[in-house]
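This report refers to the structure that appears directly beneath it.
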Amino acid sequence: MSHSTDSKARAVMIIDDDKDILTTLTRGLENDGFKVHGFSDPLLALEHVENGCHECGLAVCDVSMPNMTGFQLARRIRDLRADIRIIFMTAFEVNKNEFSRVFPSTDIENVIRKPFTPSRLAEIVKDAYSSSKA
């Protein structure tokens, strides 16, 4: 029996305004078998979701970006597609209490601290998908 979620479970959006980081993470995940939709502009990423990015089941968002923070982007993505899982990445220390106030519906464990390797991100993405299956 074929699983209709197979392609969805292997497609990831990455949003980071640092194009070098975006390229590195995109290549790393692609080398691990994921299909990656990469964006250096959060507004373009949002437009991609608005236009029906049906295969993406996960978005990896940088927290600090121009035009829109990762938290704002995640809220807008969730408004359009409540099923997309969100992982945040940041170079800054994350205060658990502050994070919970800003984004109460997201677990603090969904934050990966920079710097990290593409293989570490691939592990986190795989874990996120495997934990979302019932």
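The values are calculated or read from the model by the stated rules, or taken from the named source; none is laboratory data. As the structure is a prediction and not an experimental result, all values here were calculated from the model. Note that each Cβ is placed from the backbone with ideal geometry, even for glycine, and that neighbours are counted across all protein chains shown.
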Hey, could you check the range 53-96 for residues that are charged (D, E, K, R) and farther than 19 Å from residue 43 by Cβ and say which is nearest to the chain's Cα centre (by Cα)?
85
The range 85-106, subset under 13 Å from residue 61 (Cβ atoms) and of a type in the set (S, T, N, Q), residue modelled with the lowest pLDDT:
106
Only one of 82, 45, 11 is under 26 Å from residue 117 (Cβ atoms) and modelled with pLDDT under 95. Can you tell me which?
11
Does at least one position in the range 22-37 carry a residue that is more than 21 Å from residue 123 (Cβ to Cβ), modelled with pLDDT of 95 or more and not in a loop (DSSP other than H, G, I, E, B)?
no
Which numbered condition in (1) more than 20 Å from residue 113 (Cα to Cα); (2) assigned to a helix (DSSP H, G or I) is the only one that residue 67 fails?
(2)
Residues (surrounded by 20 or more Cβ atoms within 10 Å (Cβ to Cβ) and either in contact with a strand residue (DSSP E or B) (Cβ under 6 Å, 6 or more places away or on another chain) or under 24 Å from residue 100 (Cβ atoms) (or both)) located in the range 47-62
56, 58, 59, 60, 61, 62
Out of the range 70-90, which residues are within 19 Å of residue 29 (Cα to Cα) and either part of a helix (DSSP H, G or I) or of a type in the set (Val, Ile, Thr) (or both)?
84, 86, 87, 90
